[in-house]
Structures are given as C-alpha cells and as structure tokens.
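Peer 1: Attaching a single structure in structure tokens format; questions to follow.
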Amino acid sequence: MNATSSLDQVVEWLRSRDDFAIASHADPDGDSLGSSLALALTLDQVGKRSTVVIGQSMPRRYKWLPASRRVVSREYVPEDARASILVECSDFGRSGVEGLDTLESLNIDHHTKNLMYADLNWIDSSAAATGMMIHEISKQLGADLNKDIATLLYVTVLTDTGSFHHSNTDAPAMAFASEMLAAGANASEIAEAVYGDYPAARIHLMGDALSSLTRTAGGRIAYMFLPFSAFERRGTRDTEAFVNQAQGIDGVRVSLLFKEVGPDLMRISLRSDGAIDVAEIASHHGGGGHPRAAGCQIEGPVQAARENLIAEVHEALDEAGAR
Ligand code: 5GP
Ligand code: MN
C-alpha cells in the first residue's frame with residue numbers, strides 16, 4: 001500500500017489545479033455529501049471551479065443540505081473537469097461515476113480499507129468523519145467557516161458518529177461539533193432535518209426488516225433480510241441505520257442486514273461491538289468500511305450468500321474467543 005500523503009501536499013495539489021469534479025461513494029450518506037459540498041463551497045471561496053457529481057439522484061433525506069442544488073446526478077464525469085477529488089470513497093468503482101480515473105486524482109478518506117487508488121491519497125482513520133479532514137483543508141486554504149459550511153460539516157460528524165453514539169465519538173469529534181455550532185450550525189434543526197422527517201414507507205420497510213430478525217451463534221449474531229419484493233412494495237430503498245436495531249440487542253456481538261437489491265445480488269451492512277473487525281470480513285468480498293461498521297456486495301444466489309457470510313462471521317467470533 002502507498003503511504004498516505006500529508007495535508008500540506010493535498011493543499012498544494014488543490015492550489016495548483018482547477019475545474020474539479022468532486023465525487024463520493026454510491027448511496028451517499030451524510031459524511032460523503034456534507035464533505036463534498038463543504039469542499040465545493042470552500043473551493044468557491046478561493047476562486048476554484050468545482051462540480052459535485054453523484055451517480056444517482058440526491059437522497060431525499062439530504063435534499064435540504066445547504067448548496068444541495070449544486071449536486072449533479074450523472075454517471076460520467078463532467079466534460080469540463082480537469083481533476084477529480086474522491087471524498088470518502090474506497091475505490092474508483094464505488095463512486096458510481098465513470099471517467100474519474102482518467103483525470104489527475106485526489107483521494108480523501110477516513111476508512112481503513114481504502115485502496116489508495118489515486119495520484120494523491122490522504123487517509124486519516126483517526127478522523128471520526130471525513131468532514132473533519134475537509135475542515136483542515138478549508139482552514140489551510142484560508143476559507144471562511146460560514147453557516148452553510150458549518151452546517152454541512154456538522155452533518156458529517158453527526159451522521160458518522162451515529163448521533164454521537166459510536167466508538168468514534170471522541171474528544172476531537174466533540175470539539176469539532178462544538179466549533180461548527182459556534183460557527184452557526186443549529187444542532188436541533190439539523191437533527192430534525194436528518195432524523196425527524198421520515199416518510200411512512202421507511203418505517204414500514206423497517207417493520208419488514210424487524211420481522212425477519214433472527215439470532216444465531218448463541219445469540220452473538222443477529223441478522224435481518226429484506227427481499228427485493230419489500231423494496232418494490234414499500235417504494236423506498238432507505239435502510240440507513242436499520243442494522244443498529246439488531247446490534248442493539250443484549251448479547252449481540254455482530255449484526256448484519258442483507259438486502260436483495262437485484263437478481264442474485266445482495267448488499268450487506270455489518271456492525272460489530274468491537275469483538276471482530278467487520279471491515280476485514282467485508283474486504284474479503286470486495287467491500288470495506290470501519291472495524292465496527294462495514295458493508296459489501298455479494299453476487300450469486302442470495303440464500304447461499306447469506307449462509308456463507310453468517311458462517312464466516314461465526315468462525316471469526318469463535319477465533320476471537322468472543323462469547
Ligand atoms: P452502511 O452499512 O451504513 O452502508 O456502511 C457502513 C460503513 O461501511 C460505511 O463507512 C460505508 O462507507 C462502508 N461501506 C459500505 N458498503 C461498502 C462497500 O461496498 N465498500 C466499501 N469499501 N465500503 C463500504
Ligand atoms: Mn464517513
């Protein structure tokens with residue numbers, strides 16, 4: 001693996017280029033969108049042109065984000081882009097946008113399983129959210145931390161810490177959140193916008209997931225399954241944080257949410273209490289993430305994929321001696 005670059009190198013790289021395409025991972029979340037938009041607003045302030053591009057439509061839950069209208073939904077990098085910046089994205093393929101790898105590229109991420117695929121790779125797995133890294137860039141470039149940028153960056157740390165709940169909720173994360181509030185972000189308005197305005201369809205889909213809840217390995221593993229028909233019937237694909245319901249059960253060490261997203265195609269969310277590194281397991285299947293929160297996609301008959309992955313987790317728990 002290449003060594004990670006430094007903040008100084010990143011800032012120098014940005015200073016000497018222009019016309020950026022900023023992209024992130026498919027199924028973008030609060031950290032990827034908040035970081036991408038905050039970076040775009042930062043670049044605006046220093047006179048640089050940029051486009052935020054995602055390979056699908058803007059998720060409903062994040063449409064209210066400041067500057068969200070800057071997001072362009074398309075599957076190919078804009079023609080006028082001269083350099084690409086991938087934010088929170090483990091590899092080019094996961095961006096869902098083609099052509100980013102044909103440009104000079106910068107990769108900014110806080111995931112341990114990042115593939116270091118760009119010309120310049122700045123990876124800091126100690127950052128609770130990629131937004132904290134964007135803030136460092138912003139400061140170095142001399143951008144003003146206005147209310148919009150503070151709001152975007154607050155969203156990154158709110159969502160990536162699971163509302164200040166996960167193990168990445170440390171003193172720097174809280175200090176960062178506090179700095180964003182001091183700069184104008186409104187904590188309760190943001191929490192309400194992100195978590196308090198769900199369409200009923202999502203709650204019904206969560207009911208489908210919960211009714212499939214199964215425990216195994218002596219109660220150490222809990223998993224849920226959503227068949228393709230559930231997504232069709234409910235008319236939503238929003239499953240963000242569903243898996244936490246399973247992880248919250250007494251005695252559960254690892255939880256999984258299996259989503260049948262197409263014929264013989266399953267997306268999986270994994271969570272761990274720290275007993276095993278689920279990013280490691282996800283990486284065996286081309287996925288990645290964090291030690292306690294990871295994901296991957298598996299092709300093939302969904303039932304076999306499910307059973308194999310559960311067996312793999314079971315074995316890892318036994319090997320780790322996790323009771
Ligand atoms: P979630 O289960 O919430 O979709 O994802 C949990 C964590 O794993 C997030 O940090 C997410 O970015 C990462 N992750 C989810 N799916 C994948 C994947 O297919 N590849 C990689 N590299 N990371 C993933
Ligand atoms: Mn993140």
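The values are calculated or read from the model by the stated rules, or taken from the named source; none is laboratory data. Bear in mind the structure is a predicted one, so any value in this text is a computation, not a measurement. Note that we place each Cβ from the backbone using ideal geometry, even for glycine, and neighbour counts take in every protein chain shown. These accessible areas exclude ligands, DNA and RNA; they are computed on the full protein's heavy atoms, side chains included. Shrake-Rupley method; radii C 1.70, N 1.55, O 1.52, S 1.80 Å.
Peer 1: With the condition kept exactly as written, say whether any residue in the range 230-251 is open to solvent by 60 Å² or more (accessible area, probe 1.4 Å) and touching a Lys or Arg at 6+ places or on another chain (Cβ under 6 Å).
Peer 2: No, the range 230-251 contains no residue that is open to solvent by 60 Å² or more (accessible area, probe 1.4 Å) and touching a Lys or Arg at 6+ places or on another chain (Cβ under 6 Å).
Peer 1: If you don't mind, there's one more thing I want to ask. Scan the range 68-95 for residues that are under 29 Å from residue 193 (Cα atoms) and either acidic (Asp, Glu) or buried (at least 20 other Cβ atoms within 10 Å of the Cβ) (or both) and jot them down.
Peer 2: 71, 75, 85, 86, 87, 88, 89, 90, 94, 95
Peer 1: Could I ask something else about it? Please go through the range 281-298 and pick out each residue that is open to solvent by 30 Å² or more (accessible area, probe 1.4 Å) and free of Cβ contacts under 8 Å to residues at least 40 places away in the same chain.
Peer 2: The answer is 284, 285, 286, 297.
Peer 1: Out of 260, 307, 315, report the one residue that is more than 16 Å from ligand 2 (Cβ to nearest atom) and more than 18 Å from residue 222 (Cβ to Cβ).
Peer 2: Step by step, each of 260, 307, 315 is checked, and only 260 is more than 16 Å from ligand 2 (Cβ to nearest atom) and more than 18 Å from residue 222 (Cβ to Cβ).
Peer 1: Ok, one more. In this structure, is residue 165 of a type outside the set (Ser, Thr, Tyr) and either surrounded by 14 or more Cβ atoms within 10 Å (Cβ to Cβ) or touching a Pro at 6+ places or on another chain (Cβ under 8 Å) (or both)?
Peer 2: Here the answer is no, as residue 165 does not meet what is asked.
Peer 1: Against the condition assigned by TED's automatic domain parsing to the domain that holds residue 136 and either within 16 Å of ligand 1 (Cβ to nearest atom) or without any contact (Cβ under 8 Å) to a residue 40 or more places away in the chain (or both), how does residue 38 come out, does it pass?
Peer 2: No.
Peer 1: Take residue 105 and tell me if it is surrounded by fewer than 18 Cβ atoms within 10 Å (Cβ to Cβ), without any contact (Cβ under 8 Å) to a residue 60 or more places away in the chain and outside any helix (DSSP H, G or I).
Peer 2: Answer is no for this residue.
Peer 1: Which condition breaks for residue 302 when tested against (1) buried (at least 18 other Cβ atoms within 10 Å of the Cβ); (2) under 25 Å from residue 204 (Cα atoms); (3) at pLDDT 95 or above; (4) away from ligand 1 (no atom under 12 Å from the Cβ)?
Peer 2: Unmet for residue 302, out of (1) buried (at least 18 other Cβ atoms within 10 Å of the Cβ); (2) under 25 Å from residue 204 (Cα atoms); (3) at pLDDT 95 or above; (4) away from ligand 1 (no atom under 12 Å from the Cβ): (3).
Peer 1: Can we say residue 206 is part of a helix (DSSP H, G or I) and in the same structural domain as residue 38 (by TED's automatic domain parsing)?
Peer 2: Against the criterion (part of a helix (DSSP H, G or I) and in the same structural domain as residue 38 (by TED's automatic domain parsing)), residue 206 does not qualify.
Peer 1: Here is a follow-up. Among the residues of the range 60-83, is any within 16 Å of ligand 1 (Cβ to nearest atom) and part of a loop (DSSP other than H, G, I, E, B)?
Peer 2: No.
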